[in-house]
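First comes the structure, then the notes that go with it.
FYI, it's all coordinate maths here, none of it is from the lab. Given the structure is predicted, the values throughout are model-derived calculations rather than measurements. All Cβ positions, even for glycine, are placed from backbone atoms using ideal geometry, and neighbour counts span all protein chains on display.
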Amino acid sequence: MSAVMAARRILVLDDHAVVREGLAQLLAPLGGGCEVLQAAGLAQAQALMAQLQGPPLDLVVLDLHLGPASGDADPLAALRWWRGQHPQVPVVMLSGDDDPELAMAAFGLGLAGWLSKSADTLALLGGLSLVLQGGRIVPPFVASRKAAEPGGGAELTERQREVLRCLAQGLANKEIARALGVAEPTVKQHLVVIYRVLGVRNRAQAALAARQQRLG
């Protein structure tokens, strides 16, 4: 994971200093030195982006309730601005609650991931690492709603679909890694996302869900 995060530039956007500082300390040492920028509000973030020099921004970690705390009635206002001005920068939302309607709207705007503030360190770092690799973190309460919609379904990257196909064939993690030419920890990281996207708990359930939704 640390190798993936190496030389990355991440912006933590949260109006609570304790949260910002905590995430900055958590992310900074990864990969031998991850640059973590901080902003307390959207206006400060906009000013920071206007003055940004050097490597481009790789990821934004955004507080869900930043909008109301900043005087904006729309909790997705900051996300709308990022997607409009910097669509190439993935955004991960940190939330203290699970609001399906709000989360669905956020993913409709191009959100790359939704993580709970109560998630443990491993889940948090694993999720951010996967987003930096081009994956998405879709929580089960969103994946299940999307799958229930007409024409709906889980959203996986092509690599995750390949992992899922191998899993459905009964291959073990080492065999999947060998078949796809990746490291075994990478397979495990993809499986974390696959389980979350499909709303399942284990390999057998993932294989069944893949057949039911024709994802494998």
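The simple spin-label model puts a point 7 Å past each Cα toward its Cβ; for residue 211 and residue 183 those points are separated by 3.4 nm. Full extension of the chain between residue 141 and residue 118 yields a length gain of 6.7 nm, computed as 0.36 nm times the residue separation minus the alpha carbon distance. The label point for residue 47 and the one for residue 88, both projected 7 Å from the Cα toward the Cβ, are 2.6 nm apart.
Round to the nearest 0.05 the FRET efficiency obtained for residue 81 and residue 161 when R0 = 45 Å and r is the Cβ-Cβ distance. Rounded to the nearest 0.05, the efficiency is 0.90.
The shape of the range 45-137 comes out oblate: with a ≥ b ≥ c from the C-alpha gyration tensor, a/c is at least 1.5 while a/b does not beat b/c.
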